[in-house]
Every structure is written in C-alpha cells, then in structure tokens.
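The structure under discussion appears below in the form of structure tokens.
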Amino acid sequence: MRACLIAVFVTLSALSLGAAAQPPAGTASTAKASAPIDITGYWVAFVTEDWRFRMITPRKGDYQPVPMTPEARKAADAWDPAADEAAGNQCKSYGAAAIMRLAARFHISWQDDNTLRVDSDAGMQTRLFHFNAPPSSLPMPPDARTWQGYSTAQWERPASLKVATTNLRSGYLRKNGVPYSENATVTEYFDIGPIPGGGQVLLVTAIVDDPQNLRQPFTTSSQFKKESDGSKWDPTPCTAK
C-alpha cells in the first residue's frame, strides 16, 4: 500500500536529486549533511480525506475504519473529555501516534546535526528524531513515558525518511477516545514531492502497531503543503474536545 502511495513522490525526488545527494563511499557524515531530501520548513496539513475525523472531533462511537479490539471499543465508549481535562490529560490525542493527523501546522528544523525537531502549533508539541542513535530497547516506567515517546530516524534511499517511535504514554488515535497503549509502536515514512504548478508536498505514512487495542496495524497517510514562512504559525494548547 505504501509503495503505491509514494511511487510518484520517490520517482520525482530521485530524478531531481540524483547522485549528488549520495555522500562519497566511506565518508563519515552527519544526518543533516547526508540528507537525500530536505523536509525542513513550515508545513500545513492538506486534508483531502477523513474530514470528519480530522477537522472536527467525531462523535462518540464513530470509530471507522480503525480495526479496534473489543477492549479498545469498550474504552472508547467510556470516553469522557471532561475527566481527561480534570486529570491533566487534555493532550491524549496529541501523542506521536496521532499528532500528524491533526489539521495543524508543523515546523521542521535541525536541532543539531543528528537530530530533527518537529514542532506543532496545535497542542504545542515537540518531537525529536534521533539519527545515529540506538533504539530505546528498555521499557520505561509509566511516569517516564511521554506523549511523543522516543524516536529513532534513518534515511532510506533513494529519498525517504523512516522514523520508529517507542516508549509512548498511552493516548488516543482520535479525539473521541480511540485508545492506543503505552506498548504501541509507530513507524513513519516521510516522503517529499513537487506540486504541479509549483510548491512541495510532504507525505507522512504512519503505521501504528498495538495488539492490545488494534486487531491489525493501523495505517494512515497524511499530506502537507509547504509554506513560504511562519507568518501563519498559531500555537494553541491541547484541548480534550
């Protein structure tokens, strides 16, 4: 499925980048210097599908097409946004398993030569993608887990970024209480391509794997248009509704 979604992106990117994007064999390089694509800048969500799940908070019980387990459905049916707010959990739908599905703006920048930083204006969340770092294989205690977890990143040729995220705090795949557990893993692929007539589009394919709440991995693809600057950047805090 992912191959069909990104075939045009990869082909066009490869043609435009060519061999120049490849560092010389045997040359040590940072992730920033060896990047085959440039995904930095300001990006705004381009919502072309799943409008009722992404642009507004869906009603309780509207869970299609998430492959939920009976345990997950029971938890979602008990969704109580007021209780989430009272408990300080208004960011449960802004975690790494769901953040890129928001109708939001994202600012992607290099925090250092081996760490990409992704900031969202909706919920004011920050994700860090660590290159040249080992995966966080040891489970963290619940009080040490975060909404954004721990993400390792690697460039995939010819022109793609793969990000794997673990050690998440349990949260929502959707604002209406569709849950994912702290044992969920998120695998994402970031691909970039041109827009006819000018401009760039970023495609983020996300695969959430959570046997506790999902009968099978849940895959989504989200598109973003690149903006010329941050003039429309509008940070707002998390909301439970």
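Laboratory data are not the source of any read-out in this text; all were calculated from the coordinates shown. For clarity, every value in this text was computed on a predicted model and none was experimentally measured.
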Original post:
What is the stretch 45-103 by shape, rounded, prolate or oblate, if you read a ≥ b ≥ c off the alpha carbon gyration tensor as root eigenvalues and call it rounded for a/c under 1.5, prolate for a/b larger than b/c, and oblate otherwise?
Top reply: oblate
**OP:** Using the Karplus curve 6.51 cos²θ - 1.76 cosθ + 1.60 with θ = phi - 60°, work out ³J(HN,Hα) for each residue of the stretch 82-93 in order, rounded to whole Hz, and write x for Gly and Pro.
**Re:** 5, 5, 4, 5, 5, 8, x, 10, 5, 9, 5, 9
